[in-house]
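A.B. asks: There's a structure below that I have some questions on.
The values are calculated or read from the model by the stated rules, or taken from the named source; none is laboratory data. Remember, it's a predicted structure, so these values are computed and weren't measured experimentally. Methodologically, a virtual Cβ is constructed for each residue, glycine included, from the backbone with ideal geometry; neighbour enumeration extends over all protein chains shown. The protein model used for the area step is the full one, side chains on, heavy atoms only, and it has no ligands, DNA or RNA in it. Shrake-Rupley method; radii C 1.70, N 1.55, O 1.52, S 1.80 Å.
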Amino acid sequence: MKVGSLHLNADVPYISIFGKGSKYRNVPLMSKTISHLNKYLGEFHPDMNPGRPLFYACTHGKVHELSDDTVQKTLKKYADRCRTVIHMPESIHFHMLRKTRAMDLYQAGCPLPYVQQMLGHKNISTTSGFYAFATLHTLAQALEKAHPSTDSEEKIWKKEDTREKLYRP
């Protein structure tokens, strides 16, 4: 990604990402992400050169893009730190983050075609095959939503007329 991949002043701020399948995707940015990016850009890209790598290393005074290996090592390093606080898989990779975010969006009620578009899948069957399945948590939420329990609600079997119907000879 280059600095020019960011479109922070658009009506809906987004980043253009060249990724899986050699495709470009425009991904909207959340307001807290924009806030972090603005701080980062102010510190590391004060000139806002659109051709410069968004994330980079500087070796012998020369700026260059981060390699996939460097990014992967950074992810593993921070995953190791997180394991002291939360459960994290032993083997972690960036595609796992993509899949996790897609599942989170779907389970939060984001329509599957939106998830498909964000992931860049040509066919909805690809998206539905990997992301559109119910977890135990999703099923429990659906049951609660279909029939929410309230303690203040009078139980129907406590009503005299209902008991008469139930126990009528």
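A.B. asks: In this structure, does Ser67 turn out to be modelled with pLDDT of 85 or more, open to solvent by less than 90 Å² (accessible area, probe 1.4 Å) and within 23 Å of Val3 (Cβ to Cβ)?
C.D. replies: Criteria met by Ser67.
A.B. asks: For Ala132, are the conditions met, namely being more than 16 Å from Lys20 (Cβ to Cβ), of a type in the set (A, V, I, L, M, F, W, C), within 18 Å of the chain's Cα centre (by Cα) and exposed (fewer than 11 other Cβ atoms within 10 Å of the Cβ)?
C.D. replies: no
A.B. asks: For the condition open to solvent by 50 Å² or more (accessible area, probe 1.4 Å), under 30 Å from Asn26 (Cβ atoms) and part of a loop (DSSP other than H, G, I, E, B), what is the one hit in Lys122, Lys99?
C.D. replies: Selected residue: Lys122, the only one of Lys122, Lys99 that is open to solvent by 50 Å² or more (accessible area, probe 1.4 Å), under 30 Å from Asn26 (Cβ atoms) and part of a loop (DSSP other than H, G, I, E, B).
A.B. asks: Out of the stretch 12-46, which residues are open to solvent by 30 Å² or more (accessible area, probe 1.4 Å), modelled with pLDDT under 95 and of a type in the set (D, E, K, R)?
C.D. replies: Those that are open to solvent by 30 Å² or more (accessible area, probe 1.4 Å), modelled with pLDDT under 95 and of a type in the set (D, E, K, R): Lys20, Lys23.
A.B. asks: Considering only the stretch 102-119, state which residues are open to solvent by 50 Å² or more (accessible area, probe 1.4 Å) and in a helix (DSSP H, G or I).
C.D. replies: Within the stretch 102-119, Asp104, Tyr106, Gln107, Pro113, Tyr114, Gln117, Met118 meet the criteria.
A.B. asks: Using beta carbons and a limit of 8 Å, which pairs, at least six apart or on different chains, have the first residue in the stretch 60-88 and under 30 Å from Asn49 (Cα atoms) and the second one part of a loop (DSSP other than H, G, I, E, B) and among the basic types (Lys, Arg)?
C.D. replies: Pairs that qualify, where the first residue is under 30 Å from Asn49 (Cα atoms) and the partner is part of a loop (DSSP other than H, G, I, E, B) and among the basic types (Lys, Arg), are Val63/Arg52.
A.B. asks: A further question on this structure: Check every one of the strands (runs of 3 or more DSSP E) wholly within the stretch 1-65 and list those with 2 or more residues that are under 18 Å from Tyr114 (Cβ atoms).
C.D. replies: In the stretch 1-65, the matching strands (runs of 3 or more DSSP E) lie at 14-19, 23-28.
A.B. asks: Run Asp161 past the list (1) loosely packed, with under 10 Cβ neighbours inside 10 Å; (2) modelled with pLDDT under 80 and report the number of the one that doesn't hold.
C.D. replies: (2)
A.B. asks: Additional query: In the stretch 4-23, which residues are hydroxyl-bearing (Ser, Thr, Tyr) and under 18 Å from the mean Cα position of the chain (by Cα)?
C.D. replies: Across the stretch 4-23, the qualifying residues are Tyr14, Ser16.
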